[in-house]
Amino acid sequence: MTIKPIRSKRDYNEALKTVEGLMGAKVGTADGDTLDVLVTLIQAYEEKHHPTLPPDPVESIKFVMEQRGLTIHDLTPVFGRPNRAYEVLSRKRPLSLAMIRKLHNDFGISADVLIAA
């Protein structure tokens, strides 16, 4: 098999089809090496043509609240008062550095995500 750069949607689809057929290949074999190279090329193409946007800070907070069954009152230690939490979640107040630290430390939300605010 000839491996070539992925320059078009057609090349991308062909590479995906080839990878699908190689999914059971063992590491260290010719097919396994081909699979590794194609996956790397596909990842590079996807990063260039379909970049992943970073998560939104407010949506990340809401997601954690939903997943853990938290209410605004559960966030009071982070925001100080319930009305501040409402303001942050409605995007009327930005996150402060202290809020970011507490959200990261208390709820495990990535500081990088929260700083993007």
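The values are calculated or read from the model by the stated rules, or taken from the named source; none is laboratory data. Not measured: the values here are computed from a predicted model. Note that each Cβ is placed from the backbone with ideal geometry, even for glycine, and that neighbours are counted across all protein chains shown. Ligands, DNA and RNA are excluded from the accessible area calculation, which covers all protein heavy atoms including side chains. Shrake-Rupley method; radii C 1.70, N 1.55, O 1.52, S 1.80 Å.
Observations on the structure shown:
- Residue in the range 97-117 that is modelled with the lowest pLDDT, counting only those that are open to solvent by 30 Å² or more (accessible area, probe 1.4 Å), aliphatic (A, V, I, L, M) and under 16 Å from L75 (Cβ atoms): A117
- The residue that is farthest from D56 (Cα to Cα), counting only those in the range 79-96 that are in contact (Cβ under 8 Å) with a residue 12 or more places away in the chain and open to solvent by 40 Å² or more (accessible area, probe 1.4 Å), is Y86.
- Answer residue from the range 35-73, given it is among the β-branched types (V, I, T) and open to solvent by 30 Å² or more (accessible area, probe 1.4 Å) and is nearest to the chain's Cα centre (by Cα) among those: T52
- Within the range 1-34, if we keep just the residues that are open to solvent by 100 Å² or more (accessible area, probe 1.4 Å) and in a helix (DSSP H, G or I), the residue that is farthest from Y45 (Cα to Cα) turns out to be E20.
- Condition met for T76 (exposed (fewer than 15 other Cβ atoms within 10 Å of the Cβ), in contact with a Pro (Cβ under 7 Å, 6 or more places away or on another chain) and in a helix (DSSP H, G or I)): yes
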